[in-house]
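First comes the structure, then the notes that go with it.
Bear in mind these aren't lab numbers, they're just calculated from the coordinates by the rules spelled out. Being a predicted model, the structure only gives us computed values, none of them experimental. Cβ atoms come from the backbone with ideal geometry, glycine included; neighbour counts cover every protein chain shown.
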Amino acid sequence: MSRSIASPARPISTAAVLLAAALVGTAVGGTPARAEAPGGGSAAAAPSVAPDPDSLTQPGGELNSVSAIVLTDEGAEVITRTAAPAELDAVTAELEALPGAIEVAVDVPVALAADPLRSQQWGLTDLGIDRLPVGAPDGTGVVVAVLDTGVMAGHEDLSGRVLCGQGADFALDAATADPAGDGCVDPNGHGTHVAAQISAVTGNAAGIDGISNATVLPVRVLDAAGNGTSGTVVQGITYAVDNGADVINMSLAGPYSAAYDAAVQYAVDHGVVVVAAAGNNRQTGNAVNYPAASPGAIAVAATDGSRVSASFSYRGPTNLVSAPGVDIISAQTGGGYAYMSGTSMAAPYVAGILARYRQAHPGSSPAQVRAAVAATANDLETPGRDSSTGHGLIDVYELLASAAPGAPASVTAQPGVGSATVYWTPAADNGSPVSSYRITISPGGTSVTHAGAGPAVLYGLAPGVAHSFTVTATNWAGTGPASPASASVVPLYADGVRRYVTKVYGDLFQRTPDAIGLNDWTSSLTRGTPYGAVANGITYSREFRSRLITGSYQRYLSRVPDAPGLEGWLTEMDRGLHIEQMQAGFISSMEFYLQSGANDRQWVANLYRTVLKRPAAPSEVDFWSAQIRAGASHRGVALGFLYSTEYLQSVVDGYYRTLLQRGIDPSGISTWVTAIQRGARDEEIIAFIVSSAEYRMKV
């Protein structure tokens with residue numbers, strides 16, 4: 001049965017305005033001979049292709065290595081030696097001489113079994129997919145909602161990719177066509193074709209390659225004939241937003257309804273990227289189509305194999321970008337594959353590419369995604385943005401790999417005691433948040449990594465020697481160009497105790513001490529106050545705890561605290577709250593939950609990314625999601641992560657690397673991790689390090 005949903009936060013009209021041209025690419029049912037597609041194109045069944053027994057693809061480039069299987073007392077061992085082409089014979093002879101060698105051969109390439117129809121997917125090549133390096137984001141973990149005629153989840157190329165348990169059916173024939181109401185039927189075929197373009201399994205020796213490895217959320221809004229209303233589509237949009245979609249694809253079009261604008265805005269306000277087909281009516285009036293033309297949507301035009309606008313593709317100012325949309329092969333209902341043409345085929349390519357982008361940049365807003373798409377598209381036809389292709393042909397390689405930060409600007413420095421404080425204007429992040437800055441010191445060429453946007457205090461500089469500095473920024477895509485060098489500064493001399501206090505301030509506060517603080521702490525140490533007492537006084541200070549609190553806000557909420565929030569947490573820490581307990585409050589907050597994608601699985605995945613700094617294995621996401629469903633609280637799960645040995649080992653090791661410039665030995669890290677788990681505070685550990693003889697020797 002079909003599902004009903006509650007009204008969204010903003011009122012959205014669901015008036016039933018019929019979609020005059022609901023499908024923007026023709027679907028095929030069964031195995032037709034040929035069926036007319038919009039714009040004069042056609043949909044045709046693809047020939048059956050049996051897997052070639054020799055279909056192992058060979059990667060590009062030469063393989064210059066030789067391997068030997070050698071029998072030893074412990075069993076067989078494979079020894080591989082690299083060699084230039086001219087050296088292969090000599091290296092082979094060398095390996096043959098090894099005791100126990102039973103087989104020696106020049107290595108030959110091997111790869112995943114190629115999907116047999118990949119060679120017919122000209123669109124993937126045009127989109128730059130073959131240029132992506134191994135390990136590039138593939139959209140894994142990202143949810144793309146397909147609002148269409150349904151999705152045949154049982155197709156061989158969609159195995160494991162469709163969330164039937166979370167799907168929905170709002171189509172006019174839902175009661176008869178889809179009794180389960182999960183959107184996992186497709187009596188038309190159009191939606192299955194679209195879904196496989198987005199996420200067909202790659203490397204399974206069957207059919208085609210999808211543009212991504214995203215997960216498909218099936219939301220049926222069009223009936224078996226491919227028709228629907230603005231009401232069914234709006235229900236589908238709001239349902240997708242409320243049920244975990246990161247990207248929405250709509251290969252459908254019709255006349256204007258204010259409900260479209262409101263629904264698309266609802267999606268954008270919740271951080272969901274909306275992709276829609278521009279329409280196939282250039283030769284039949286070229287009227288503007290919705291929801292593609294709704295503000296905030298990414299309207300996708302179609303190109304052909306010659307990289308020009310398809311003859312049927314809508315032409316108008318709302319087109320943002322284009323993608324291949326002529327003779328596109330993909331899955332069809334009932335099994336097998338078929339060719340189809342239309343902007344319906346262009347839109348899912350863009351949706352799949354944006355799934356990859358959102359995996360790489362999970363915090364990117366819909367506006368940032370639009371800007372990145374526009375900035376990296378390959379310009380076509382008329383120079384600059386044009387009505388036929390928008391900003392041009394979307395390019396997955398350029399979108400993912402060409403977003404390194406710009407160069408930081410206005411680099412200046414102020415001298416300190418054996419140190420310098422370096423300031424700069426943050427670099428443009430080009431759509432991907434800057435993860436770190438690197439300051440290079442001249443003379444010497446030594447580089448120091450700094451997590452924040454500055455300023456950075458650099459120690460160990462030779463007093464009396466002029467130094468200058470350059471800064472680079474790094475994000476997911478790489479490291480950007482270096483800034484111009486700062487003007488030279490000359491670090492100052494100081495006595496030992498004053499240098500110690502200055503270094504502690506630099507390491508913990510990222511600033512030089514004011515005169516009062518420097519004199520007070522120097523006097524205390526001179527009078528015989530233990531270094532540990534001074535260090536504890538500094539690490540328990542409100543200024544240092546403010547840095548701990550602010551750093552936690554930035555790490556988990558991507559913002560700085562407001563004044564009342566900061567004061568409130570300082571008060572709680574004065575009363576005994578530990579930093580891990582405070583961070584658990586951030587992670588279990590609604591703010592963090594919404595940033596994660598507003599569902600438990602994405603919350604768990606984000607927990608792994610932000611706390612453990614690694615991706616979660618599917619089994620780990622399954623485990624913790626099940627724990628939450630069984631009644632575990634989000635705060636309890638967060639505390640488990642924050643007090644886990646894995647996390648605390650990285651924290652303590654980070655303290656040692658930052659303050660002592662070395663990693664901690666295994667016995668030491670075990671001692672400190674156990675101490676924190678039993679109630680020790682991070683401030684105590686930091687104070688112990690900065691009061692140690694090893695630290696003081698570095699002054």
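Computed from the Cα positions only, the extents of the chain along the three principal axes stand at 94, 77, 55 Å, in decreasing order. I'd like the distance between the alpha-carbon centres of the range 377-404 and the range 297-326, rounded to an integer number of Å. Centre-to-centre (Cα) distance: 12 Å. Suppose R0 equals 45 Å; then what is the FRET efficiency for Ala86 and Ser435 from their Cβ-Cβ distance, rounded to the nearest 0.05? Plugging the Cβ-Cβ distance into 1/(1 + (r/R0)^6) gives 0.55.
Relative to the current alpha-carbon distance between Thr140 and Lys613, full extension at 0.36 nm per residue lengthens the span by 168.6 nm. When the Cα gyration tensor is reduced to axis lengths a ≥ b ≥ c, the ratio a/c is 1.5 or higher for the range 403-493, and with a/b above b/c it is classed as prolate.
With each label modelled as a point 7 angstrom along the Cα→C-beta vector, the Asp562-Glu381 pair spans 4.8 nm.
What FRET efficiency would be calculated for the residue pair Arg657, Tyr256, taking the C-beta separation as r and a Förster radius of 35 Å, to the nearest 0.05?
0.05
Any idea what the relative contact order of the range 350-423 is, in percent, if you count C-alpha pairs under 8 Å spaced at least 6 apart? Write down the numbers at each step before the final one.
Values: 56 pairs, mean separation 16.9, N = 74.
Relative contact order of the range 350-423: 23 percent.
Quick one: grab the alpha carbon gyration tensor of the range 542-697, order the square roots of its eigenvalues as a ≥ b ≥ c, and give me rounded if a/c is under 1.5, else prolate or oblate depending on whether a/b is larger than b/c.
Note, shape of the range 542-697 comes out oblate.
Under the simplified labelling scheme, the Ala466-Val78 pair shows an inter-label distance of 5.8 nm, with each label point 7 Å from Cα along Cα→Cβ.
Amide H contacts of Ile248: Ala145, Val273, Val274, Val275, each under 5 Å away and 5 or more positions distant or on a separate chain (H built 1.01 Å from N in the peptide plane; Pro and chain starts excluded). Assuming charge only on the beta carbon of Lys and Arg (+1) and of Asp and Glu (-1), the dipole of the chain about its Cα centre is about 2560 debye to the nearest 20. Per residue, the chain reaches -10000 deg cm²/dmol at 222 nm when only DSSP H runs of four or more residues are counted, each adding -39500 (n - 2.57). Rounded to the nearest 5, the antiparallel percentage of DSSP beta bridges internal to the chain is 65%.
Less than 18 Å from a label point 7 Å out along the Cα-to-Cβ axis of Gln554: which backbone N atoms in the range 380-407 qualify, by residue? Counting only backbone N, you get 405-406. Using C-alpha pairs under 8 Å with a sequence gap of at least 6, the mean separation divided by the residue count of the chain gives a relative contact order of 11 percent. Taking 0.36 nm per residue of separation and subtracting the current Cα-Cα distance, fully stretching the chain between Gln649 and Ala371 would add 96.2 nm.
With neighbour counts taken as other beta-carbon atoms within 10 Å, the residues Thr539, Thr202, Thr284 rank, fewest first, as Thr284, Thr202, Thr539.
Footprinting exposure proxy ranking of Met345, Met590, fewest other C-beta atoms within 10 angstrom first, gives Met590, Met345.
Could you run the Debye sum over the Cα atoms of the range 65-106, one equal point scatterer each and no solvent, and tell me log10 of I(q)/I(0) at q = 0.14 Å⁻¹, two decimals? Results for the range 65-106 at q = 0.14 Å⁻¹ read -0.27. Using the Cβ-Cβ distance between Ile516 and Arg635 with R0 = 51 Å, the FRET efficiency computed as 1/(1 + (r/R0)^6) comes to roughly 0.80. Taking other C-beta atoms within 10 angstrom as a stand-in for reagent exposure, Phe509, Phe170, Phe312, Phe592 fall in the order Phe509, Phe592, Phe312, Phe170, fewest first. Over all Cα atoms in the range 151-271, the spread is summed up by Rg and Dmax: 14.1, 46 Å.
Modelled label positions at Thr671 and Asn204, each set 7 Å beyond Cα in the direction of Cβ, lie 5.4 nm from each other.
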